[in-house]
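Report on the structure given below.
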Amino acid sequence: MIRLRLIVLGRLAEPHWQAACAEYKKRLSAVCNVTEIELKEVRTPRTPGEGEIAAALEKEADMILEQIPPRAFVVALCIEGKAYTSQSLAALLADRITGGASELCFIIGSSYGLANRVKGAAHLRLSMSSLTFPHQLARVMLYECIYRCTEIWRGSPYHK
């Protein structure tokens, strides 16, 4: 069974986002042992300055980095990351799993992103899209993306 860890900043407040994530976690449970770690976003003023944002990201980085398991293949979702097709991401993740990664670990930062040291700790910086989406939707999209990868591995018609 594949070990999958999502480290996410912030909680899902809306019931429809919660339901969507629960559905994908249920689907993934056939092939993955899913662990989701929700960390609390560091509060900033209503209109924070660059220094306040940087300080918040550093505090969040401390929380994130302590949750990364040893020997995990770490993927940070970043706007400046690399975009993959579903097939190429599925192949890359399968290669890492068979290559000895103990776990697949995905990180979704706060609405301000991730500190550079978290990005530096990642083996892969992944961009889901050049478009902007609601922050909570990123988690749903990531679950779907991972589920799609598992279905590609299985040769399922889901991907078609």
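The values are calculated or read from the model by the stated rules, or taken from the named source; none is laboratory data. Note that this is a predicted model, so its numbers are computed, not measured. Positions of Cβ are backbone-derived with ideal geometry, glycine not excepted, and every protein chain shown enters the neighbour counts. With ligands, DNA and RNA removed, areas are computed over all heavy atoms of the protein, side chains included. Shrake-Rupley method; radii C 1.70, N 1.55, O 1.52, S 1.80 Å.
Picking from GLY109, GLY120, which residue would you name as being among the small types (Gly, Ala, Ser) and surrounded by 20 or more Cβ atoms within 10 Å (Cβ to Cβ)? First the steps, then the outcome.
Numbers: GLY120 fails: surrounded by 20 or more Cβ atoms within 10 Å (Cβ to Cβ).
The match here is GLY109.
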Query raised in the report: When the residues of the range 93-106 are filtered to those that are aliphatic (A, V, I, L, M) and touching a strand residue (DSSP E or B) at 6+ places or on another chain (Cβ under 8 Å), which remaining residue is most open to solvent (accessible area, probe 1.4 Å)?
Result: ILE97
Query raised in the report: Right, GLU36: outside any helix (DSSP H, G or I), open to solvent by 50 Å² or more (accessible area, probe 1.4 Å), touching a residue at least 60 places away in the same chain (Cβ under 8 Å) and in contact with a strand residue (DSSP E or B) (Cβ under 8 Å, 6 or more places away or on another chain) or not?
Result: no
Query raised in the report: List pairs: first in the range 94-120 and without any contact (Cβ under 8 Å) to a residue 12 or more places away in the chain, second surrounded by fewer than 21 Cβ atoms within 10 Å (Cβ to Cβ) and in a strand (DSSP E or B), Cβ under 9 Å, 6+ apart or cross-chain?
Result: GLY99/PHE73
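Go through the range 18-32 and give me each residue that's open to solvent by 50 Å² or more (accessible area, probe 1.4 Å) and either in contact with a His (Cβ under 9 Å, 6 or more places away or on another chain) or over 12 Å from GLU144 (Cβ atoms) (or both). Reasoning before the result, please.
Within the range 18-32, the subset open to solvent by 50 Å² or more (accessible area, probe 1.4 Å) is 18-19, 22-23, 25-27, 29-30.
Passing the criteria: GLN18, ALA19, ALA22, LYS26, SER29, ALA30.
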Query - TYR84, sole failed condition from (1) among the hydroxyl-bearing types (Ser, Thr, Tyr); (2) free of Cβ contacts under 8 Å to residues at least 60 places away in the same chain; (3) open to solvent by 80 Å² or more (accessible area, probe 1.4 Å) - result: (3)
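Residue-by-condition table, conditions (1) open to solvent by less than 80 Å² (accessible area, probe 1.4 Å); (2) of a type outside the set (D, E, K, R); (3) under 21 Å from MET128 (Cβ atoms):
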{"site": "LEU57", "(1), (2), (3)": "yes, yes, yes"}
{"site": "LEU65", "(1), (2), (3)": "yes, yes, no"}
{"site": "ARG71", "(1), (2), (3)": "no, no, no"}
{"site": "VAL75", "(1), (2), (3)": "yes, yes, yes"}
{"site": "GLU80", "(1), (2), (3)": "no, no, yes"}
{"site": "ALA91", "(1), (2), (3)": "yes, yes, yes"}
Requested in this report: Identify the residue in the range 1-17 that is open to solvent by 60 Å² or more (accessible area, probe 1.4 Å) and outside any helix (DSSP H, G or I) and, among all such residues, is farthest from ALA56 (Cα to Cα).
Outcome: MET1
Query raised in the report: Can you name the residue in the range 123-134 that is among the hydroxyl-bearing types (Ser, Thr, Tyr) and open to solvent by 30 Å² or more (accessible area, probe 1.4 Å) and is also modelled with the highest pLDDT among such residues?
Result: SER129
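Criterion first (over 16 Å from GLU38 (Cα atoms) and free of Cβ contacts under 8 Å to residues at least 40 places away in the same chain) does THR150 satisfy it?
On the way: over 16 Å from GLU38 (Cα atoms): yes; free of Cβ contacts under 8 Å to residues at least 40 places away in the same chain: no.
The answer is no for THR150.
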Query raised in the report: Can you spot a residue in the range 127-143 that is under 23 Å from ALA91 (Cβ atoms), among the hydrophobic types (A, V, I, L, M, F, W, C) and not in a helix (DSSP H, G or I)?
Result: yes
